[in-house]
Structure formats: C-alpha cells, structure tokens
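*Asks:* Next up is a structure, given as structure tokens.
The values are calculated or read from the model by the stated rules, or taken from the named source; none is laboratory data. Values in this document were obtained by computation on a predicted structure and should not be read as measured data. We place every Cβ from the backbone using ideal geometry, glycine too, and count neighbours over all the protein chains shown.
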Amino acid sequence: MDSNFPELIESREIRGTIDDGFNWVVIEFGEALEIAFLPVLRFLNSIENALLWLPWYLVVLLLALFAYQATRSAKFAGGTIVMLFLTGLFGMWEPAMATIALMLVATLLAVIVGIPLGIAMSRSNVFQGILTPVLDIMQTLPIFVYLIPFVMLFGPGKIPALLATIVFAVPPVIRLTNLGIRQVDREVMEAVVAFGATPRQRLFSVQIPLALPTIMAGINQTTMMSLSMVVIASMIGAGGLGYQVLQGIQRLEVSRGLLAGIAIVFLAVIFDRVAQAYGRKMQQHLHLQK
Amino acid sequence: MSETPSKISVKEIYKIFGPDPASVLERVRAGASKSEILNETGHTVGLRDVSLEIRPGETFVIMGLSGSGKSTLIRHFNLLIEPTAGHILVDGHDVVDMGTEELRDLRRHRMSMVFQRFALLPHKTVLENAVYGLKVAGIDKSEAEQRAREQIELVGLGGFENQYPSQLSGGMQQRVGLARALATQSEILLMDEAFSALDPLIRNDMQGQLLELQQTLHKTIVFITHDLDEALRLGDHIAILKDGALSQVGTAEEILMDPADDYVARFVRDVNRSRVITVGSIVSESRALRLSEVNPQSVAAGMEETGQRAIYVVDEDNRPIGAADEQVFTRVDGSSPVRPEHLHEPATVTTDMVIEEMLPTMATRDYPLAVVDHDGRFLGTVSRRDTVSELVPRATEPEAAMAEAGAPGGR
C-alpha cells in the first residue's frame with residue numbers, strides 16, 4: 001500500500017548525474033589539484049620526519065618545555081613527560097608523531113583559512129547569512145561523507161586525509177572569529193569611528209586584539225577537532241594512531257585499539273591544556289580581565 | 001543671538017528609525033505623534049524638527065530624560081548616525097553632505113567625543129589610549145606622544161601613563177577619555193553623558209575640572225545630560241528635549257524663570273533656584289538719597305515709598321556709603337548734619353552674583369542689600385521678601401508671580 005514513499009523522480013538518475021559530474025571533475029582537475037597540493041604534502045612530511053629524526057627524549061623534553069612555557073605549571077610539564085613516555089612504552093611513538101604532525105599542519109591551515117573567513121563574516125551580514133548554514137552542514141554531515149570525494153580526487157593518502165580534516169575542523173575558528181569581532185563593545189567601536197579610524201585601523205587596532213581570546217578559543221576547538229578527525233582520516237591513508245585503532249578493529253585486537261586510544265587521549269590532554277593556557281595568557285596580556 | 005556666526009547649526013533634523021524612514025517622514029512632519037507612527041507603521045521617531053545654534057566657545061547642554069533622543073542627537077554632529085532629513089552645519093559646512101574623506105578629517109581634527117561608558121581601549125595603556133586619535137590621524141609618533149602626555153598631565157593623571165584602564169577607577173577612566181578627546185586639539189568637544197556613570201562626588205569634581213579647563217581652552221562643548229543640576233552648572237545655553245522634540249532653549253536662568261511649558265516647569269521645580277537665579281533679575285530699582293538730602297522727613301518718605309526698612313545713601317559718584325533708617329536720628333542731634341559714620345554700613349552685592357552667594361550677607365543684615373554694578377555704582381536694592389518669593393517655584397505662588405512680573409528685571 002502506502003508504506004513505501006512514492007518514487008516521484010528517478011533518484012538513481014540523480015545520483016548518477018552527481019557521480020558522473022564528480023567523476024568529470026576528478027578526471028579534469030585531479031592531477032592539477034594533486035600537483036597544487038604537493039608543497040603541502042612536502043611540508044607535512046618534513047614536519048613528521050623532523051619529529052621522527054630527533055631523538056625521542058629530545059621530543060619529549062621539547063614538548064614538556066612547550067607545555068611548561070604555556071601553562072607555567074611544573075606539574076603539568078611533568079605530566080606531559082609521563083604521558084609521552086607511556087605513549088612510547090606502548091609502542092605508539094612513530095604513529096603518535098605522525099598524528100601530531102598531521103594535526104599541527106591541519107590546525108595551522110585551518111587557522112590560515114578560517115581567520116580571514118571569520119573576519120569577512122563579521123563585516124557582512126549577507127556573508128554571515130550564507131556561511132552560517134554552510135558551516136552547520138560541514139559540522140553535521142557525517143564525517144565519512146567527506147572522505148569519499150577527497151579520496152576520489154587524490155587517491156588514498158595524506159593529502160585527502162589532511163583536507164578532510166581541515167574541512168571538518170575549520171568551522172569553530174571561523175565562527176568564533178566572527179563572534180569575537182562582533183562582540184567587541186559597541187561603544188568602543190563607536191569611539192574608534194568617532195576619532196576617524198579607517199575600517200582597516202578599526203580591524204587591526206581594536207577588533208582583532210579584542211577578539212583574540214575568543215579566536216583562541218576557536219583555535220583550541222579546531223585543534224581538538226582535527227585531532228579527532230585525524231583518527232578517522234587514517235581510514236584513507238593518514239596513518240598514525242588512527243591506523244592502529246583501525247588495525248585493532250580489523251584484527252579484533254582489543255589491546256592495540258586500547259593502547260592507541262589511550263595515546264590519543266594523552267595527545268588530546270596535552271594540546272587542549274596548552275591551547276587553553278595560551279588563551280588565558282592572551283587575555284591577561286591584553287588586560288581584559290577585570 | 002545672531003551677531004556671532006554659529007559654530008554648529010543644526011537645521012530641522014528629523015530622525016526616524018525603522019525599515020523605511022522616508023516613507024513616514026511626511027506624516028511626522030505633518031505632526032503625527034510618536035505612538036501613532038509606531039503603532040501604524042512600526043517606525044520609531046527619534047528626533048523631530050530639531051534646530052539649534054551653538055556659538056563658538058560656549059558650553060551647550062542638551063538635556064532630556066532617557067528616550068528623549070539626546071544621545072541620538074549628539075551622534076548626528078559627527079554623523080555616527082545619519083539624519084532622515086535636515087542638515088548639520090559645522091563652520092558652515094554641511095556634515096550630511098560630506099564624503100568619506102572629509103568626514104574622517106572632521107572626526108580626526110575638528111570634533112572629538114567623550115562617552116558615557118568611557119569607551120576606552122581595554123588592551124591599551126592610558127598613554128596609548130590618549131594617543132589614539134593622533135595615531136589614527138597619522139601624526140608622527142613622538143609628537144603625538146608628547147601631546148598626549150600634556151593632556152594626561154592636564155587632566156591630572158600624570159604618573160598613570162603606563163596603567164591599563166581596568167586598573168583605574170571610573171573617574172580616572174573618564175579623565176583618560178577626556179585626555180584622548182583633548183589630545184586631538186579639535187575645537188569641538190562632544191560629551192555624551194560623560195559624567196553620568198560616575199559617583200556624585202567624582203561627578204562634581206569632574207564638572208569643576210571641566211569648567212576650569214574651559215576657562216583656558218574655550219572649546220565649543222556640546223554636553224549631553226539627564227541631570228538638570230549638571231546642565232545648570234555647566235551650560236551657557238541649555239536645550240531641553242522631550243520625545244525627540246525641543247521643548248525650550250535658553251540660558252539656565254531663562255529656563256528657570258520662564259519655563260516654556262509644563263514639562264519644563266515640572267523639570268525645574270526641584271532645582272536649587274538660589275544657585276541659578278542672579279541678583280540682577282530680582283533687584284528692585286529704588287531711589288537712593290544723597291548725603292546732603294538725608295533728614296528725618298526724606299528718610300521716612302523713602303521708606304514708605306519703597307516699603308523697606310532702610311534707605312540707601314550714595315555719594316556724588318552714586319556709590320553707596322550707608323543705609324539710613326530712623327535710628328540714624330537718635331545718633332545725631334537735630335541741628336548737626338548727618339555724616340557717613342552715623343549710617344548703617346552699606347551691604348553691597350553685584351548683579352551677577354547668584355542668590356546663594358548673596359545669602360550670607362543678607363542673613364546678617366536686617367535691612368535690604370544694595371545692588372551695585374561692576375564699578376560699584378548703586379542700581380537698586382534687594383530685600384528678603386523679594387528673594388524668598390523668587391526662590392519659591394511660581395507654580396505654587398501665582399500671586400507672587402504676578403507681582404514679580406511687574407517688577408523691573410535688572411540687567
């Protein structure tokens with residue numbers, strides 16, 4: 001009877017059209033895109049190689065110093081050493097370094113793309129109206145859906161993994177840059193205009209500095225999201241800790257999945273704390289706390 | 001009022017907020033009320049037919065309660081808000097017609113603004129805040145800093161240059177706001193409820209400081225306030241706004257002595273009138289005697305004529321030398337002439353004193369005070385009765401008001 005939704009159009013045909021269209025894109029532009037992203041791949045590889053080339057204890061020490069410099073907490077720096085040491089003990093050193101490299105590059109690129117988009121969004125209500133639903137879709141669309149087109153364009157490997165990670169992780173930094181700028185005290189902005197500041201002067205002397213703590217919160221979220229995506233992206237050849245989890249699933253090895261999972265948690269804790277501490281420092285530096 | 005050209009003249013400004021202000025402008029011009037317009041079209045009438053003439057070097061206060069449109073009005077001067085209709089001329093140039101560059105130039109060099117909530121840049125030091133207007137205008141850094149330091153010194157914040165706004169009290173923050181506005185050396189200062197967010201004591205200090213600064217700087221100041229006492233203290237002229245329209249424009253004394261409507265009258269009812277009304281407006285012209293004319297008959301006649309308890313005696317230059325009543329004649333015997341030392345010593349006040357300043361003198365004399373001009377020449381007297389009846393708001397004393405209307409008005 002009516003339990004089936006009537007087939008008003010040929011959905012198979014639509015799918016066919018989409019697939020054909022995308023195939024055309026892949027054939028036409030695939031190679032060009034691959035070449036275009038070659039520098040990114042080299043950059044990523046060089047970071048990963050550097051992390052693996054350095055003696056492990058130096059990496060541990062450097063990350064601990066980095067953690068101490070951000071948080072000013074000897075306890076947390078000590079914790080960082082222990083967590084990284086355990087990661088190595090679990091036999092997860094190499095994949096962990098690959099994951100860190102991918103996460104850092106993805107976050108960096110997301111910030112480079114995201115902040116200008118956020119600024120543009122804060123300046124135009126029309127652009128905000130257009131971009132907001134796009135960002136909503138980017139964040140709600142199941143992650144695996146991104147993977148398909150990127151794999152088709154680039155083939156399995158680090159570049160599609162990196163791009164899928166950026167697409168997934170960039171929304172918070174865009175949103176919070178926009179929010180931070182829009183939240184700048186109306187009267188302060190009015191004062192700046194009343195003293196004859198140009199739009200550029202307003203942006204650089206007031207809006208961005210005052211939005212920085214909010215932007216930092218966005219960068220923090222982006223970091224965490226790229227870490228979580230890096231794991232999933234290992235399915236399309238990103239390698240790293242995610243690949244260990246994947247192998248654990250495929251081989252039904254609870255231990256491998258668990259240990260890799262714990263290493264991921266360690267990295268998340270370290271980078272989350274560091275990013276948060278930077279956000280707070282920024283706020284203090286700007287004398288925004290009352 | 002029109003001898004000196006206006007520094008700023010506001011000509012028939014209308015401001016209507018809403019999706020299509022132009023569409024309801026004609027109805028507002030025709031006199032439709034604020035609530036009519038709101039209910040029928042969804043537009044809010046912000047300002048209605050406001051015209052003002054502000055002279056160079058004066059402090060012009062725009063006063064009104066919240067929602068009267070005063071903050072909207074002041075934002076028209078530097079075009080933070082654009083009018084729906086009307087013009088604002090600054091030194092004869094219409095701000096509304098200015099292009100981006102010209103407007104920016106106006107904001108940088110000719111008009112600066114002080115804000116109610118200070119609107120300082122929280123991430124910059126006192127010095128960096130004070131220098132902001134100059135930096136934006138592209139003035140050489142060392143010169144800009146030097147100018148900013150001078151202004152910081154002037155507002156009494158020397159030594160705080162490297163502090164951040166959050167480390168300062170409200171009053172100090174507003175001094176930074178003032179220094180920032182003064183540093184651009186613009187001739188016009190817009191002050192939007194600049195002291196309203198401060199404690200009463202600090203507010204009082206700041207008012208005093210502004211008056212003091214103004215004596216040397218002679219800026220054209222447009223000052224917005226909801227506080228009548230502040231308006232009366234600071235304003236050379238005061239405009240009273242109600243529901244976006246002007247109720248009255250005049251000097252403090254004009255507004256107090258002759259409120260244009262009930263709204264203004266209610267506003268001024270609780271004012272300490274003794275601080276505003278000057279001796280000049282309550283003086284009664286009365287005859288004074290020359291020393292040679294003083295005799296029991298002339299004194300008695302004079303006292304009867306004026307209804308006062310003594311009559312003033314002046315010298316050849318019309319300067320009061322004393323006051324005579326019957327007691328004088330108990331001190332001299334009938335035949336010898338009256339000499340100055342026989343008289344009560346003269347108690348003189350000048351026309352530009354406010355009543356409050358005159359009261360101490362009045363309290364210690366039981367005869368009228370002599371009112372003199374700046375050269376010390378006798379103009380008339382002021383009695384306790386006249387003083388008291390002027391201090392009582394006229395709404396409650398219609399008869400006194402009638403009597404007052406007949407009295408000569410000084411100056």
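*Asks:* Go over the candidates A:Pro209, A:Pro199, A:Pro171 one by one and state the one that is buried (at least 22 other Cβ atoms within 10 Å of the Cβ), at pLDDT 90 or above and not hydroxyl-bearing (Ser, Thr, Tyr). Spell out the reasoning first.
*Replies:* Details: A:Pro209 fails: buried (at least 22 other Cβ atoms within 10 Å of the Cβ); A:Pro199 fails: buried (at least 22 other Cβ atoms within 10 Å of the Cβ).
Just one listed residue meets the conditions, A:Pro171.
*Asks:* Then there is this: Where in the stretch B:245-338 are there strands (runs of 3 or more DSSP E), lying wholly inside it, with at least 1 residues that are surrounded by fewer than 17 Cβ atoms within 10 Å (Cβ to Cβ)?
*Replies:* It comes to B:245-250.
*Asks:* So which residues in the stretch B:231-283 are among the hydrophobic types (A, V, I, L, M, F, W, C) and farther than 22 Å from B:Leu47 by Cα?
*Replies:* Initial filter on the stretch B:231-283 (among the hydrophobic types (A, V, I, L, M, F, W, C)): B:231-232, B:234, B:238-241, B:245-246, B:249, B:252, B:255-257, B:260, B:264-265, B:267-268, B:271, B:276-277, B:279, B:282-283.
Within the stretch B:231-283, B:Leu232, B:Leu234, B:Ala252, B:Leu256, B:Met257, B:Val268, B:Val271, B:Val276, B:Ile277, B:Val279, B:Ile282, B:Val283 meet the criteria.
*Asks:* A:Gly91 - would you say it is of a type in the set (Gly, Ala, Ser) and outside any helix (DSSP H, G or I)? Before you say what the answer is, go through the steps one by one.
*Replies:* Numbers: of a type in the set (Gly, Ala, Ser): yes; outside any helix (DSSP H, G or I): yes.
For A:Gly91, the condition - of a type in the set (Gly, Ala, Ser) and outside any helix (DSSP H, G or I) - is met.
*Asks:* I'd like to verify a number: residues in the stretch B:319-344 that are in contact with a strand residue (DSSP E or B) (Cβ under 6 Å, 6 or more places away or on another chain) and of a type outside the set (Gly, Ala, Ser), how many? Walk me through it before giving the result.
*Replies:* Taking the stretch B:319-344 and keeping what is in contact with a strand residue (DSSP E or B) (Cβ under 6 Å, 6 or more places away or on another chain), we get B:320-324, B:340, B:343-344.
Narrowing further to those that are of a type outside the set (Gly, Ala, Ser): B:320-321, B:340, B:343-344.
The qualifying residues number 5.
*Asks:* Could you check the stretch B:1-30 and list, in sequence order, the residues that are of a type in the set (S, T, N, Q) and assigned to a loop (DSSP other than H, G, I, E, B)?
*Replies:* Filtering the stretch B:1-30 for residues of a type in the set (S, T, N, Q) gives B:2, B:4, B:6, B:9, B:23.
Selection gives B:Ser2, B:Thr4, B:Ser6.
*Asks:* Consider only pairs whose beta carbons are under 9 Å apart and that are at least six residues apart or on different chains; among these, list those whose first residue lies in the stretch A:132-154 and is touching a residue at least 40 places away in the same chain (Cβ under 8 Å) and whose second residue is loosely packed, with under 15 Cβ neighbours inside 10 Å and of a type in the set (A, V, I, L, M, F, W, C).
*Replies:* Taking only residues 6 or more apart or on different chains, the pairs are A:Pro149/A:Phe22; A:Pro149/A:Val25; A:Met152/A:Phe22; A:Met152/A:Val25; A:Leu153/A:Phe22; A:Leu153/A:Val25; A:Leu153/A:Phe29.
*Asks:* Filter the stretch B:106-128 down to the residues that are assigned to a helix (DSSP H, G or I) and over 30 Å from the mean Cα position of the chain (by Cα), then identify the one that is nearest to the other protein chains (Cβ to nearest Cβ).
*Replies:* The initial filter retains those residues of the stretch B:106-128 that are assigned to a helix (DSSP H, G or I), namely B:106-110, B:126-128.
Right, trim to over 30 Å from the mean Cα position of the chain (by Cα) and you get B:126-128.
Numbers: B:Val126: 11, B:Leu127: 14, B:Glu128: 10 Å.
That would be B:Glu128.
*Asks:* Sticking with this one: With a cut-off of at least 2 residues that are within 14 Å of another protein chain (Cβ to nearest Cβ) and out of contact with any helix residue (DSSP H, G or I) (no Cβ under 6 Å at 6 or more places or on another chain), name the helices (runs of 4 or more DSSP H) lying wholly within the stretch A:150-246.
*Replies:* On the way: elements: A:158-182, A:186-194, A:199-202, A:208-233.
Counting at least 2 such residues, we get A:186-194, A:199-202, A:208-233.
*Asks:* Please specify each residue of the stretch B:43-89 satisfying the condition of being aliphatic (A, V, I, L, M) and either within 14 Å of chain A (Cβ to nearest Cβ) or under 18 Å from the mean Cα position of the chain (by Cα) (or both).
*Replies:* The answer is B:Leu52, B:Ile54, B:Val61, B:Ile62, B:Met63, B:Leu65, B:Ile74, B:Leu79, B:Leu80, B:Ile81.
*Asks:* Moving on to the next point. Provide a single number: the residues in the stretch B:338-359 that are over 19 Å from B:Ala310 (Cβ atoms) and either modelled with pLDDT under 85 or not hydroxyl-bearing (Ser, Thr, Tyr) (or both).
*Replies:* First pass over the stretch B:338-359, keeping only residues over 19 Å from B:Ala310 (Cβ atoms): B:350-357.
Right, trim to either modelled with pLDDT under 85 or not hydroxyl-bearing (Ser, Thr, Tyr) (or both) and you get B:352-357.
Count: 6.
*Asks:* Please find, among A:Ser234, A:Ser255, the residue that is surrounded by fewer than 17 Cβ atoms within 10 Å (Cβ to Cβ) and within 20 Å of A:Trp93 (Cα to Cα). Before the answer, list the steps.
*Replies:* Details: A:Ser234 fails: surrounded by fewer than 17 Cβ atoms within 10 Å (Cβ to Cβ).
Going through A:Ser234, A:Ser255 in turn, the sole match is A:Ser255.
*Asks:* With the structure loaded, tell me whether A:Gly242 is of a type in the set (Gly, Ala, Ser) and either surrounded by 21 or more Cβ atoms within 10 Å (Cβ to Cβ) or under 19 Å from the mean Cα position of the chain (by Cα) (or both) or whether it fails that test. Break it down into steps so the answer makes sense when it comes.
*Replies:* Working: of a type in the set (Gly, Ala, Ser): yes; either surrounded by 21 or more Cβ atoms within 10 Å (Cβ to Cβ) or under 19 Å from the mean Cα position of the chain (by Cα) (or both): yes.
Judged against the criteria, A:Gly242 is a match.
*Asks:* Something else about it: Residues that are surrounded by fewer than 19 Cβ atoms within 10 Å (Cβ to Cβ), modelled with pLDDT of 90 or more and among the β-branched types (Val, Ile, Thr): does the stretch A:77-99 have at least one?
*Replies:* For the stretch A:77-99, residues surrounded by fewer than 19 Cβ atoms within 10 Å (Cβ to Cβ), modelled with pLDDT of 90 or more and among the β-branched types (Val, Ile, Thr): present.
*Asks:* Further question: Going by the structure shown, is B:Tyr312 out of contact with any helix residue (DSSP H, G or I) (no Cβ under 6 Å at 6 or more places or on another chain) and not assigned by TED's automatic domain parsing to the domain that holds B:Glu230?
*Replies:* So B:Tyr312 passes the test.
*Asks:* Report those helices (runs of 4 or more DSSP H) wholly inside the stretch B:132-226 carrying at least 1 residues which are away from chain A (no Cβ under 12 Å) and within 27 Å of A:Gln201 (Cα to Cα). Give the derivation first.
*Replies:* Working: elements: B:141-154, B:170-183, B:200-217.
Helices (runs of 4 or more DSSP H) meeting the threshold: B:141-154, B:170-183.
*Asks:* Here's a follow-up. Residues to consider are B:Thr84, B:Thr41; find the one that is under 12 Å from B:Gly244 (Cβ atoms), surrounded by 14 or more Cβ atoms within 10 Å (Cβ to Cβ) and not hydrophobic (A, V, I, L, M, F, W, C).
*Replies:* Details: B:Thr41 fails: under 12 Å from B:Gly244 (Cβ atoms).
None of the other options fit; the residue is B:Thr84.
*Asks:* Picking from A:Gln250, A:Gln283, which residue would you name as being within 14 Å of chain B (Cβ to nearest Cβ), over 17 Å from the mean Cα position of the chain (by Cα) and of a type in the set (S, T, N, Q)?
*Replies:* On the way: A:Gln250 fails: within 14 Å of chain B (Cβ to nearest Cβ).
Sole residue among the options that is within 14 Å of chain B (Cβ to nearest Cβ), over 17 Å from the mean Cα position of the chain (by Cα) and of a type in the set (S, T, N, Q): A:Gln283.
*Asks:* On the given criteria, is B:Val155 of a type in the set (A, V, I, L, M), over 24 Å from B:Leu103 (Cα atoms), buried (at least 17 other Cβ atoms within 10 Å of the Cβ) and touching a Leu at 6+ places or on another chain (Cβ under 6 Å)?
*Replies:* On the way: of a type in the set (A, V, I, L, M): yes; over 24 Å from B:Leu103 (Cα atoms): yes; buried (at least 17 other Cβ atoms within 10 Å of the Cβ): yes; touching a Leu at 6+ places or on another chain (Cβ under 6 Å): yes.
So B:Val155 passes the test.
*Asks:* Test of understanding: among A:Arg280, A:Arg273, which residue is part of a helix (DSSP H, G or I) and in contact with a helix residue (DSSP H, G or I) (Cβ under 7 Å, 6 or more places away or on another chain)?
*Replies:* On the way: A:Arg280 fails: in contact with a helix residue (DSSP H, G or I) (Cβ under 7 Å, 6 or more places away or on another chain).
Only one candidate passes the filter, namely A:Arg273.
*Asks:* Another question, then. Given B:Leu217, B:Leu211, B:Leu256, which one is without any contact (Cβ under 8 Å) to a residue 60 or more places away in the chain, among the hydrophobic types (A, V, I, L, M, F, W, C) and in contact with a Lys or Arg (Cβ under 7 Å, 6 or more places away or on another chain)? Can you show your working first?
*Replies:* Numbers: B:Leu217 fails: in contact with a Lys or Arg (Cβ under 7 Å, 6 or more places away or on another chain); B:Leu211 fails: in contact with a Lys or Arg (Cβ under 7 Å, 6 or more places away or on another chain).
Within the list B:Leu217, B:Leu211, B:Leu256, the selection yields B:Leu256.
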